[in-house]
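Novice: Dropping a structure here in structure tokens format, bear with me for questions.
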Amino acid sequence: MALAVRELPLDLDAFEGPFDLLLTLVLREELELRDVDIAEIVVAFLERLADRDELDLDACGEFLVLASALLELKARGLFPDEDLDLEGLDPEEAAEELAERLAAYRRFRAAAGWLEERLKAESDRYFRLGPAPLSPTAERPLAQQEPAQLVSVLRALAAEPPEPSLGHLVLSYPPLSRFLERFRTLLRSRGRFAFDNEVDRLPRVDQVVAFLALLELRKRNEAQIAQAGPFEPITVWNASAS
Amino acid sequence: MERLRLVENPVDRLARTVEALLVIASKPLSIDELATVTEETEERVETALGLIAGRLREGRSGIVLEHVAGGYALRAAREAAEACARLVERPVQRGLTQAALETLAVIAYLGPVSRPEIARIRGVAADSAVAGLVERALIAEAGRDQEGGAVRYETTPLFERVFGLSGPDDLPELEDLGGDADELRARLEDVAARRGA
């Protein structure tokens, strides 16, 4: 004997009787769905199912549809703010809406089934995916190599590199005394001279030392120095002569 | 005796060029594209394709010309499928789950469609199914929702190619699939009526 879902006896807190009566009362709004524990209904069905030797797939399917319908109705009741207001719908319309939703899903499930069939039917259609292969790059195999040569190359790489020469970095300064002597001679012979003229052709380092010599002469009060402005020619004259 | 002169039909030459283009193309080529690159009219390209289709067909050639994904492409003949299977993997087709197929169906019919919309129809979140389909390149992003800003998805030309569809019109009418609302409604009523009467 087939398992009749509609005759499934229920013993819930809010309701006692067969499943189809529960459904009728809910659809007529004579029973508040929020008071009905759907999990209990599922348990009752599973218990009934466990009593039987064979799995009744038709009954399972029917039960699943009905239980999910109840569940969705209940869920909607719990969210009265949903865009689609079911409060205003009479049970007739609510059931209509529910059936419409379920049918929509069933259509997409059927479409998925159609795609699956299609995929199977097309399983022997092979085609190239992605870009065509690029022209192959020519392989350039290495010639036979001697291991000893590799060792010698590695040895050369492992050797300590020679200490780099810092010779070009060393600066040679001319002695300060050379410029002191020279400027003193100039002051004695001419009494006055233009610093720029004297150092014009000297290398940069020599010019620096010459300038230091000039400052030294000024410090010892052997010479007077004047400059009209920044970067203007520097004039030097004998301090004692002025 | 007059010498037999072979006069070449100019469409034969075009057919050879079109055949060459299809060989190097990585995706189906539309008649419009073929006409552009061959600098020919669409009518002549169609004639050339007819010539090629006559030569490259199941049972006659290892290469078959097919009208798929809105264009024309070459593929292996079905009789070579077993050998092809030993040569190449087909990661796109392999192991599509029920969830993936349902999600693909929703996108194929309603796309561009967002994940929340898909979830509303299927009743469960579609995130991983969508991600898997994107990875397989069967669907791709197609802009964003006007209101919520959710990313919307649509099927790709690869989807049509894998499922052997010449275009979106090849999908069966959604209304013809599955049961309609009236039938379900009737079942609910039926169960209630048996007791309520």
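The values are calculated or read from the model by the stated rules, or taken from the named source; none is laboratory data. Nothing here was measured: the structure is a model prediction, and the numbers come from that model. So basically every Cβ, Gly included, is an ideal-geometry build from the backbone, and we count neighbours across all protein chains shown.
Novice: With respect to the numbered conditions (1) facing another protein chain (nearest Cβ under 8 Å); (2) closer than 20 Å to B:G143 by Cα; (3) touching a residue at least 12 places away in the same chain (Cβ under 8 Å), which one is the sole condition not fulfilled by B:I107?
Specialist: Failing condition for B:I107: (1).
Novice: Under the condition of being modelled with pLDDT of 85 or more and more than 7 Å from chain B (Cβ to nearest Cβ), which residue from the stretch A:90-122 is farthest from B:L96 (Cα to Cα)?
Specialist: A:A121
Novice: Next question. Go through the stretch A:31-78 and report how many residues are in contact (Cβ under 8 Å) with a residue 24 or more places away in the chain and assigned to a helix (DSSP H, G or I).
Specialist: To start, the set of residues in the stretch A:31-78 that are in contact (Cβ under 8 Å) with a residue 24 or more places away in the chain comprises A:33-34, A:36-38, A:40-42, A:44-45, A:48-49, A:52, A:56, A:58-59, A:62-63, A:65-74, A:77-78.
If we keep only those that are assigned to a helix (DSSP H, G or I) as well, we get A:33-34, A:38, A:40-42, A:44-45, A:48-49, A:58-59, A:62-63, A:65-74, A:77-78.
Number of matching residues: 26.
Novice: Mind counting the residues in the stretch B:5-47 that are basic (K, R), under 22 Å from the mean Cα position of the chain (by Cα) and assigned to a helix (DSSP H, G or I)? Please lay out each step first, then the result.
Specialist: The first filter runs over the stretch B:5-47 and keeps only residues basic (K, R), leaving B:5, B:13, B:16, B:27, B:44.
Now narrow it down to the ones that are under 22 Å from the mean Cα position of the chain (by Cα): B:27.
Keeping just the survivors that are assigned to a helix (DSSP H, G or I) gives none.
The qualifying residues number 0.
Novice: Related question: Return the residue satisfying two criteria in turn: it lies in the stretch B:137-178 and is in contact with a helix residue (DSSP H, G or I) (Cβ under 9 Å, 6 or more places away or on another chain) and part of a strand (DSSP E or B), and of such residues it is surrounded by the most Cβ atoms within 10 Å (Cβ to Cβ).
Specialist: Restricting to residues being in contact with a helix residue (DSSP H, G or I) (Cβ under 9 Å, 6 or more places away or on another chain) and part of a strand (DSSP E or B), the top hit is B:Y153.
Novice: Across the stretch B:122-150, which residue is farthest from the other protein chains (Cβ to nearest Cβ) among those that are in contact with an Asp or Glu (Cβ under 7 Å, 6 or more places away or on another chain) and closer than 28 Å to B:G71 by Cα? Walk me through how you get there before you give the answer.
Specialist: Applying the first criterion (in contact with an Asp or Glu (Cβ under 7 Å, 6 or more places away or on another chain)) to the stretch B:122-150 yields B:122, B:139-140, B:142.
So of that shortlist, the ones also closer than 28 Å to B:G71 by Cα come out as B:139-140, B:142.
Details: B:I139: 13, B:A140: 15, B:A142: 19 Å.
In this case the residue turns out to be B:A142.
Novice: Still on this structure, please answer the following. Within the stretch B:66-88, can one find any residue that is among the hydroxyl-bearing types (S, T, Y) and either within 11 Å of chain A (Cβ to nearest Cβ) or over 19 Å from the mean Cα position of the chain (by Cα) (or both)?
Specialist: no
Novice: Still on this structure, please answer the following. Of all residues in the stretch A:7-30 being touching a residue at least 40 places away in the same chain (Cβ under 8 Å) and surrounded by 15 or more Cβ atoms within 10 Å (Cβ to Cβ), which is farthest from the other protein chains (Cβ to nearest Cβ)?
Specialist: A:L8
Novice: Looking only at residues in the stretch B:13-58 that are in contact (Cβ under 8 Å) with a residue 12 or more places away in the chain and of a type in the set (D, E), which one is surrounded by the fewest Cβ atoms within 10 Å (Cβ to Cβ)?
Specialist: Looking at residues that are in contact (Cβ under 8 Å) with a residue 12 or more places away in the chain and of a type in the set (D, E), I get B:E58.
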